[in-house]
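The values are calculated or read from the model by the stated rules, or taken from the named source; none is laboratory data. Small disclaimer: the values here were computed from a predicted structure and weren't measured. Glycine also receives a Cβ, built like all others from the backbone with ideal geometry; neighbour counts cover every protein chain displayed. The area values use the complete protein model at the heavy-atom level, side chains included, leaving out ligands, DNA and RNA. Shrake-Rupley method; radii C 1.70, N 1.55, O 1.52, S 1.80 Å.
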Amino acid sequence: MIERNAQGQLVYRAPDGLIHVGVTPVRAFPLSAPDGGLSLLGPDGHELLWLDSLQSCPAAARQVLEAELALREFMPQIIRIRSVSGFSVPSHWQVDTDRGQTTLTLKSEDDLRRLPHGRWLLHSAQGLQYQMPAMEALDSASRKLLERFL
């Protein structure tokens, strides 16, 4: 059983009756298999429970876990590349995301990674991660800018 306590912490009640306060759900493969397995970690980082999917949880626990995962996995989606300061790194990118317009810095070519299904993952120098759809989903100007980095 997984629930929140009055302090907003996640609490896991194990089948043996032990209560673990401050647990953290972590998806095994959040980008490539977000509907796959996840682990419930105790405050010390050790795994307390493995779930093959959220679908195996009762509805109330699933809602609590989904809300916690949404907070933990916040990642803006780049929907358009407005401009890039240069085609060598570091470079500054003006982008539109699903959260609004922003500027990010790409420090290294390794900060741009290809994901399954043609998607992209960008690690900004500011410490945020951004997802970008497959090239086909971008407008032509954004595709041209992205192709210069590939």
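The numbered conditions (1) aromatic (Phe, Trp, Tyr); (2) loosely packed, with under 11 Cβ neighbours inside 10 Å; (3) within 21 Å of Phe29 (Cα to Cα) are all true for Phe87 except (3). For the range 1-50, name all the residues that are closer than 28 Å to Trp120 by Cα, open to solvent by less than 80 Å² (accessible area, probe 1.4 Å) and not hydrophobic (A, V, I, L, M, F, W, C). Of everything in the range 1-50, those that are closer than 28 Å to Trp120 by Cα, open to solvent by less than 80 Å² (accessible area, probe 1.4 Å) and not hydrophobic (A, V, I, L, M, F, W, C) turn out to be Thr24, Pro25, Arg27, Pro30, Ser32, Pro34, Gly36, Gly37, Ser39.
Would you point out which residue out of Leu146, Leu150 is more than 22 Å from Pro30 (Cβ to Cβ), hydrophobic (A, V, I, L, M, F, W, C) and open to solvent by 60 Å² or more (accessible area, probe 1.4 Å)? Walk me through how you get there before you give the answer.
Working: Leu146 fails: open to solvent by 60 Å² or more (accessible area, probe 1.4 Å).
Among Leu146, Leu150, only Leu150 is more than 22 Å from Pro30 (Cβ to Cβ), hydrophobic (A, V, I, L, M, F, W, C) and open to solvent by 60 Å² or more (accessible area, probe 1.4 Å).
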